[in-house]
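Please read the structure below before turning to the comments.
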Amino acid sequence: MDLHITLGPRREHATRIYQQLLEAILDGRLREGDRLPATRVLAEQLAVSRTTVSVAYERLVAEGYLEGRVGDGTYVRQAGLPEPRRERRADSAPASWAELGAAAGRTGARGGQAREDEPRPGDGGNGAGGNDGGGGGPRPRPIWDRLPLYDTSVAPGVRYAFAIGLPDTGLFPFQAWRRLVARELRVGALGTGDYTEPAGLPALRAAIARHYGVTRGLRAAPDDVVVTQGAQQAIDLVGRVLIEPGTVVAMEDPGYPPARHAFASVGARVVGVPVDESGIVVDALPTAARLVYVTPSHQFPLGVAMSPTRRAALLAWARRHDAVIVEDDYDSELRFTDRPLQPIHSVDRTGRVVYIGTFSKTMFPALRLGFLVAPPSLRTALHTAKQLCDWHTDVVSQAALARFIDEGLLARHIRRAARHYARRRELVLAWLRTQAPRLVTMPGSAGLHVTALVGPGADLDVAGAVERAAAAGVIVRSVAPFCVDTPVREGIMLGYGGIGTDRIAGGLRHLEAALAQ
């Protein structure tokens with residue numbers, strides 16, 4: 001391997017090589033079993049004598065960090081040594097560029113040290129200091145100190161994970177998917193291998209327009225489709241294009257936190273609007289709102305579907321107030337009872353609706369493929385925003401997905417998976433009806449989770465029950481953390497996508513015990 005070593009004065013070469021190799025071993029950049037360059041090779045790279053490199057290597061061998069194998073080379077040896085450090089002190093980095101210009105002339109010609117009362121970059125003065133382990137360095141805008149980093153993984157060993165938004169990857173036809181991906185990776189299949197259109201491969205955009213035109217009644221041409229890295233990037237692109245600092249954005253409350261935080265990160269003033277059994281309460285929308293984000297097919301987190309009357313009222317409100325509706329069709333393709341309602345986008349005739357979809361629930365989250373359908377007035381801006389964000393989405397996955405859709409494999413997989421999910425959903429609903437009298441199940445007919453709220457007058461410590469369930473190996477989510485601006489709704493969310501059918505009954509028994517305490 002090539003090693004980057006920064007050298008200082010000639011008399012310190014061996015020490016510098018030793019120190020930087022040691023630092024790389026301790027912080028894990030060089031790992032157990034990594035082979036170092038031969039002393040002759042590294043000496044040529046650094047333009048130093050072979051003896052200088054040998055001195056550094058021999059010191060590390062003597063201290064147990066390296067081992068020399070006769071006739072084979074020199075290898076990193078960490079057995080019995082401390083675990084690698086993952087943090088590096090800023091002041092441990094080696095100097096360069098002639099010791100940074102001899103420390104910039106020893107702080108310049110003014111004669112030396114900064115005054116004690118002068119602020120130093122990153123010292124935390126006036127509330128701008130660091131909170132990432134101390135030390136100096138640049139600081140982000142204040143909003144980024146308040147936004148959380150989501151951990152959506154399920155800890156290993158959790159037996160009963162009623163996680164939210166996770167499909168069962170065991171149901172996915174990976175053999176067919178591997179065939180399609182391998183086909184695109186063949187020599188010549190990628191064409192020139194150059195950068196491609198920011199909005200996505202034409203074949204995939206056409207496949208999405210056809211598939212969702214049939215399955216969801218979308219009125220979209222291929223040119224209206226922008227392929228994204230999941231629904232979250234679609235939300236981010238809409239925010240970049242439409243939101244200026246201070247723009248009022250209305251959201252369902254309780255609602256989807258990553259959307260709220262994406263809009264806030266670009267300067268929006270996000271206002272929560274209550275949700276009832278018919279969806280977002282249109283009469284409660286702030287008149288100053290210029291963007292309304294909704295999940296009408298399977299409201300997150302309550303699970304209700306927005307009624308046709310409420311959809312018409314929302315669209316009329318947007319026309320009157322010159323606002324944009326962002327329709328996140330969350331969990332729309334997994335329906336179990338009622339006929340699917342038309343998306344708001346399909347009845348919009350004025351270009352007020354941006355439709356967002358994802359393949360994370362119907363296929364698997366690691367794929368990171370989604371899309372948005374843009375009105376003509378926003379198309380160019382969204383293409384530009386996508387290019388500035390990441391130029392374009394992975395071409396191999398796009399091409400494979402286009403074939404996956406066109407060969408009918410996506411529709412077949414959704415039908416098969418929905419049968420499994422329907423059985424799991426019925427087990428959860430039956431338990432709620434018979435074994436959880438203090439919980440009232442919210443109406444809904446789609447998606448990968450069911451929500452039940454604490455009934456009127458019922459005494460139930462939901463937060464405590466969730467903690468007790470977790471101690472028993474059962475993961476469920478509370479509704480309360482998703483409430484921000486409106487009164488807290490107490491209840492639980494039970495996801496059935498990522499838990500096997502054979503484990504649901506056992507998990508619910510443990511949950512029942514946690515609720516009873």
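We did not get these values from a lab; they are worked out from the coordinates using the rules stated. From a predicted model like this one, the values you see are computed outputs, not experimental measurements. Don't worry about glycine lacking a Cβ; one is built from the backbone with ideal geometry, like all the others, and counts go over all protein chains shown.
Quick one: which residues, 5 or more positions from Val248 or on another chain, have an amide H under 5 Å from its amide H? H modelled 1.01 Å from N in the peptide plane, none for Pro or chain starts. Close amide H contacts, sequence-distant or interchain: Arg269, Arg290. Here the gap between Thr350 and Gln517, fully extended at 0.36 nm per residue and compared with their Cα-Cα distance, gives a gain of 54.7 nm. Here the Kirkwood formula puts the hydrodynamic radius of the chain at 27.1 Å, using every distinct Cα pair.
In this label model, Arg509 and Ala480 are separated by 2.9 nm, measuring between points 7 Å along each Cα→Cβ vector. On the basis of the beta-carbon distance and an R0 of 51 Å, Ala203 and Glu63 show a calculated FRET efficiency of 0.30.
Kindly state, to the nearest 0.05, the FRET efficiency for Thr6 paired with Asp502, given R0 = 51 Å and r defined as their beta-carbon distance. Between Thr6 and Asp502 the formula returns 0.30. With a/c under 1.5 counting as rounded, go ahead and sort the stretch 344-415 into rounded, prolate or oblate using the C-alpha gyration tensor (a ≥ b ≥ c being the square roots of the eigenvalues; past the cut-off, prolate if a/b is larger than b/c, else oblate). Oblate, since a/c reaches 1.5 and b/c is not below a/b. Net length available on complete extension from Glu407 to His261 is 48.8 nm, with 0.36 nm assigned per residue and the Cα-Cα distance removed. For the stretch 227-331, the list of GluC sites (Glu not before Pro) that fall in a loop by DSSP and count at most 14 other C-beta atoms within 10 angstrom reads Glu277. As an exercise, use a Förster radius of 25 Å and the Cβ-Cβ distance of Ser377 and Arg141 to find the FRET efficiency, rounded to the nearest 0.05. Plugging the Cβ-Cβ distance into 1/(1 + (r/R0)^6) gives 0.30. Length gained on full extension, Ala176 to Thr215: 11.8 nm, using 0.36 nm per residue less the C-alpha separation.
When only alpha carbons are used to place a centre, the stretch 440-462 and the stretch 235-249 end up 32 Å from one another. Could you work out how far the C-alpha centroid of the stretch 302-351 sits from that of the stretch 10-43, in angstrom? After rounding, the separation between the Cα centres reads 60 Å.
Summary of packing: across the peptides 70-77, 509-516, 262-269, the per-residue average of other C-beta atoms within 10 Å ranks them, highest first, as 262-269, 509-516, 70-77. Qualifying trypsin sites (Lys or Arg not before Pro) in the stretch 337-417, where qualification requires a DSSP coil assignment and no more than 12 other C-beta atoms within 10 Å, comprise Arg349. Where a ≥ b ≥ c are the square roots of the eigenvalues of the C-alpha gyration tensor, would you call the stretch 150-259 rounded, which needs a/c under 1.5, or, failing that, prolate if a/b is larger than b/c, or oblate? Taking the square roots of the gyration eigenvalues as a ≥ b ≥ c, the stretch 150-259 is oblate. Restricting the calculation to Cα atoms, the stretch 196-402 yields a radius of gyration followed by a Dmax of 15.8, 46 Å. Label point 7 Å out from Arg35 along Cα-to-Cβ: which residues of the stretch 59-78 have amide N under 16 Å? Of the residues in the stretch 59-78, 67-77 have backbone N under 16 Å from the label point off Arg35.
Put in order of Cβ neighbour count within 10 Å, fewest first, the listed residues Leu7, Leu508 become Leu7, Leu508. Take 281-288, 49-56 and order them by the average number of nearby Cβ atoms within 10 Å per residue, most first; the result is 49-56, 281-288. Each helix, a run of at least 4 DSSP H residues, gives -39500 (n - 2.57); summed and divided by the residues of the chain, these come to -12000 deg cm²/dmol at 222 nm. Here the simple spin-label model places points 7 Å from the Cα toward Cβ, and for Glu426 and Glu44 these points are separated by 7.2 nm.
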